[in-house]
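A.B. asks: Please find one structure pasted underneath; my questions will follow.
The values are calculated or read from the model by the stated rules, or taken from the named source; none is laboratory data. Just so it is clear, the model here is predicted, and its values are computed rather than measured. Note: ideal-geometry Cβ built from the backbone for every residue, glycine included; neighbour counts use all protein chains shown.
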Number of protein chains: 2
Amino acid sequence: MKLEILTKNESEYIQKDIISKIRDLINLKNLEPGDKLPSERSLSEKFGVTRSNVRDAIQKLEHYGLLKSMPQSGTFVANIGVIAMNGMIEDILRLEEPDFKSLVETRILLELKTARLAALRRTNEDLVQMREALDAYTAKVLNGENAVQEDLLFHLAIAKACGNSTMNTFMLIITPEIITNFEKYHVCDKNQPVIGIKEHEAIYEAIKKQDTEEAKQKMKDHFKELYKYCYNI
Amino acid sequence: MKLEILTKNESEYIQKDIISKIRDLINLKNLEPGDKLPSERSLSEKFGVTRSNVRDAIQKLEHYGLLKSMPQSGTFVANIGVIAMNGMIEDILRLEEPDFKSLVETRILLELKTARLAALRRTNEDLVQMREALDAYTAKVLNGENAVQEDLLFHLAIAKACGNSTMNTFMLIITPEIITNFEKYHVCDKNQPVIGIKEHEAIYEAIKKQDTEEAKQKMKDHFKELYKYCYNI
DNA sequence: ACATTAAACCTGGTTAACCAATTATAGATT
DNA sequence: AATCTATAATTGGTTAACCAGGTTTAATGT
């Protein structure tokens with residue numbers, strides 16, 4: 001058990017080490033945007049690690065938009081300058097695992113916005129999907145069952161309707177961690193879901209009649225308990 | 001050139017196909033949280049694709065927190081239920097590439113919040129780093145050079161100071177795309193940077209004296225032009 | 001000299017064999 | 001019959017050889 005965690009940390013450490021070495025190399029060779037990095041093979045040899053490790057590190061930097069791999073050609077420095085490259089890699093290396101408070105804080109920020117934007121931009125098709133999610137949630141709650149999943153799916157339906165793919169992606173990223181932490185910390189109260197139905201309906205109605213401020217306000221009301229929980233912990 | 005894009009799209013299509021097949025399998029076998037998925041080998045055989053493809057698809061679902069791979073043991077369904085699993089995979093499959101407007105809209109949302117939180121929580125060390133980024137930016141602007149990178153690094157310094165690792169991560173994710181799009185669309189005006197110095201200084205001062213509302217307002221002022229640009233396009 | 005072309009060499013990606021740890025199985029021991 | 005143990009099978013991860021397409025190089029023809 002602990003060995004597995006250890007090896008995971010170790011592999012993470014190796015990756016960060018490689019990333020910092022890539023940064024050093026970019027600085028040393030004064031590589032500019034569009035320049036080619038040495039091949040994966042030579043990097044793995046130079047750093048004394050496997051090519052897989054190098055590939056994983058490159059993939060991570062690619063995910064943050066700093067490098068770009070081209071098949072049969074090479075890996076290239078993205079179209080951002082050396083200074084931004086250095087600063088961002090520094091930040092990436094220092095990034096810590098998100099804590100629950102950060103997650104909730106970010107979720108509230110995103111959801112107040114997506115509710116507002118959804119009221120502004122929702123299509124009829126969006127409304128149908130929100131209605132379906134809401135009905136599924138209501139049915140489970142009235143049946144006395146745990147409805148955390150249906151709850152979140154209603155919120156994801158709003159995110160989809162907000163017409164902003166970046167916010168939609170971010171909501172998808174934080175949702176699973178929210179769910180697992182909810183069940184871990186037993187955030188969901190036993191009798192709160194019944195209140196939740198009314199609050200969800202209020203949000204839905206506001207979005208339906210395209211009242212942006214009311215949508216935001218109803219979402220705020222919905223998060224009142226969560227907000228308190230988040231800042232009391 | 002176009003071939004490369006084609007193959008990328010094709011590989012993306014294959015991955016989405018595998019992901020939907022994994023979803024179908026979870027539904028068919030009624031797999032619950034914690035249950036084990038079939039091995040990568042049997043999946044690749046069953047789907048008629050390579051094991052690498054299966055691994056990539058699993059890795060993507062792992063990134064969204066839906067699966068969890070354990071070395072020498074298996075891949076397990078995450079601690080979220082079947083309903084959420086289905087809804088989220090559906091969303092992930094339909095996710096579209098972020099457009100520039102989404103990016104800017106999300107950036108403004110995040111930055112108004114990080115400015116406010118940074119004013120609330122910044123340490124002295126945070127202040128030092130923001131000061132350094134700001135000085136680097138000012139020096140370049142006064143020298144007549146392009147200072148987009150230094151600009152963004154100042155904003156990232158604020159994100160770091162806001163004490164929310166999730167928002168910090170999200171800022172890091174969108175920053176490179178912002179930079180490349182800025183240079184692509186030539187958003188940065190020739191004479192605007194000089195105004196930018198004053199605006200940056202105002203934000204810094206507000207954060208320094210821990211005036212949350214002023215920090216938010218100064219950031220809002222700073223984004224006025226960008227905001228107009230975003231909604232006129 | 002220069003342009004053209006073909007061949008040798010690199011490239012990232014893919015594949016299949018391999019590894020170590022885990023899990024299932026069957027046998028021995030009590 | 002129950003329990004422990006050792007062995008065989010299975011797992012995700014790793015490695016090294018391979019592939020197809022790009023890139024460089026140098027030879028060739030004009």
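A.B. asks: All but one of (1) more than 8 Å from chain B (Cβ to nearest Cβ); (2) surrounded by fewer than 23 Cβ atoms within 10 Å (Cβ to Cβ); (3) in a helix (DSSP H, G or I) hold for A:MET130, so report the exception by its number.
C.D. replies: (2)
A.B. asks: Another question, then. Please go through segment A:121-131 and pick out each residue that is over 15 Å from A:LYS218 (Cβ atoms) and either touching a residue at least 24 places away in the same chain (Cβ under 8 Å) or of a type outside the set (Asp, Glu) (or both).
C.D. replies: Across segment A:121-131, the qualifying residues are A:ARG121, A:THR123, A:ASN124, A:ASP126, A:LEU127, A:VAL128, A:GLN129, A:ARG131.
A.B. asks: A further question on this structure: Have a look at A:ILE22, A:ILE92 and point out the one that is touching a Phe, Trp or Tyr at 6+ places or on another chain (Cβ under 7 Å) and surrounded by 17 or more Cβ atoms within 10 Å (Cβ to Cβ).
C.D. replies: Within the list A:ILE22, A:ILE92, the selection yields A:ILE92.
A.B. asks: Restricting attention to segment B:139-187, which residues are in contact with a Ser or Thr (Cβ under 9 Å, 6 or more places away or on another chain) and more than 29 Å from A:GLU105 (Cα to Cα)?
C.D. replies: Of everything in segment B:139-187, just one residue is in contact with a Ser or Thr (Cβ under 9 Å, 6 or more places away or on another chain) and more than 29 Å from A:GLU105 (Cα to Cα), namely B:ALA147.
A.B. asks: Also, I was wondering about something else. Could you identify the single residue in B:LEU110, B:LEU37, B:LEU120 that is within 10 Å of DNA strand D (Cβ to nearest atom) and more than 18 Å from A:ILE179 (Cα to Cα)?
C.D. replies: B:LEU37
A.B. asks: Also, I was wondering about something else. What's the number of the condition A:SER20 fails, among (1) at pLDDT 90 or above; (2) within 16 Å of DNA strand C (Cβ to nearest atom)?
C.D. replies: (2)
A.B. asks: Mind checking which residues of segment B:218-230 are of a type outside the set (A, V, I, L, M) and closer than 14 Å to B:ALA118 by Cβ?
C.D. replies: Answer for segment B:218-230, where residues must be of a type outside the set (A, V, I, L, M) and closer than 14 Å to B:ALA118 by Cβ: B:LYS218, B:HIS222.
A.B. asks: Moving on. Assess whether A:ASN30 counts as being more than 30 Å from B:THR106 (Cβ to Cβ) and either buried (at least 16 other Cβ atoms within 10 Å of the Cβ) or more than 13 Å from DNA strand C (Cβ to nearest atom) (or both).
C.D. replies: Against the criterion (more than 30 Å from B:THR106 (Cβ to Cβ) and either buried (at least 16 other Cβ atoms within 10 Å of the Cβ) or more than 13 Å from DNA strand C (Cβ to nearest atom) (or both)), A:ASN30 qualifies.
A.B. asks: Before we move on, is A:SER73 modelled with pLDDT of 90 or more and surrounded by fewer than 16 Cβ atoms within 10 Å (Cβ to Cβ)?
C.D. replies: yes
A.B. asks: Filter segment B:59-98 for residues that are β-branched (Val, Ile, Thr) and within 14 Å of DNA strand D (Cβ to nearest atom); which is nearest to A:GLU177 (Cα to Cα)?
C.D. replies: Within segment B:59-98, the match that is nearest to A:GLU177 (Cα to Cα) is B:VAL77.
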